[in-house]
There are 2 protein chains.
Amino acid sequence: MKAPPIDIDRLFHALGDPTRRAILDRLCERPMSVSALAAPLGITLTAVAQHLQILEISALVHTEKLGRVRTCRIEPTGFTALERWIRDHRTVWERRLDRLGELLAEGDEQH
Amino acid sequence: MKAPPIDIDRLFHALGDPTRRAILDRLCERPMSVSALAAPLGITLTAVAQHLQILEISALVHTEKLGRVRTCRIEPTGFTALERWIRDHRTVWERRLDRLGELLAEGDEQH
DNA sequence: TAAATACTGAAGTATTCACTTGACAATTAA
DNA sequence: TTAATTGTCAAGTGAATACTTCAGTATTTA
């Protein structure tokens, strides 16, 4: 019952595909069945199902099957993990810029 | 002389590789030559150079060759583009959550 | 000048990836 | 019950990816 830890590798890979980002965009509007998602994409239902699997293990989408229809909706967990990753790395990167500024200041003092 | 537009596809793809993220982490500490980057990675210099090309066209790294040494440093542009993408999509996604809340509220009113 | 250093380029390989086809199961509608 | 809908599974294909090796080219250093 333990949720698998979010793999940032998988997350970036999932978001790196335009079709998957299109799926996410549509799901931001409203939850949708697999075939409703497939309709405007110009690829087979099977392909969409495969994309959905990737989005699901990346915690970007949650799906649930009722009767013969699988309903897909946005799952916040993945987005949150991504935001956290960027926030963390931005601080490291800003620190580097600060240090670069210090180095430049020191350089100025030297002459 | 026009900088190519940031391709969010390329950006996610670039960040989807653990070796490339390791390179970025090291460059956050300080600028570095290609061979300095390669040393702890356990892959050939050629492979590192290939990764650097990908990071460079994604605007995550800037490199400059002086003499025989190519120095690599973090380039903010790519990170900024990524942050903007996430900020934009978070608002869409939050709107969806709001609407879901409204729908639930309406549902409550109905009985 | 000769040797070591720091990369660059072309070509090859094994794996992964997005996608397809085709056969099938399960559910709902006529 | 028959037919249509909705999705799943297994296997295959062609392109992209992350590497490799090997043979260079500049640039320093001894």
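Close amide-amide hydrogen proximity is noted between B:Arg70 and B:Val34, each under 5 Å apart and 5 or more residues distant or on a separate chain (H modeled in the peptide plane; Pro and chain starts excluded). Between copies, how far apart are the B:Gly67 label points? List them in nm, one decimal, shortest first, with each point 7 Å from Cα toward Cβ, please? Counterpart label points of B:Gly67 in the remaining copies fall at 7.4 nm. Rounded, prolate or oblate: which one fits segment A:1-69, using the alpha carbon gyration tensor with axes a ≥ b ≥ c (rounded when a/c is under 1.5, else prolate when a/b beats b/c, else oblate)? The shape class here is oblate. For labels at B:Thr44 and B:Ile57 in the simple 7 Å Cα→Cβ model, what's the distance in nm? My value for the distance between the label points is 2.0 nm.
Grab the beta carbon distance between A:Thr19 and A:Lys65, set R0 = 25 Å, and tell me the FRET efficiency rounded to 0.05. Can you show the working numbers first?
Values: r = 22 Å, r/R0 = 0.87.
The value I calculate is 0.70.
Inter-copy label distances at B:Thr19, shortest first and taken from points set 7 Å along Cα to Cβ: 2.7 nm.
Provide the FRET efficiency to the nearest 0.05 for the A:Ser35-B:Asp9 pair, computing r from the beta carbons and using R0 = 25 Å. About 0.45, to the nearest 0.05.
Every number here is computed from the coordinates shown, using simple stated rules; none is lab data. Keep in mind that this is a model prediction, so the values were computed, not measured. Positions of Cβ are backbone-derived with ideal geometry, glycine not excepted, and every protein chain shown enters the neighbour counts.
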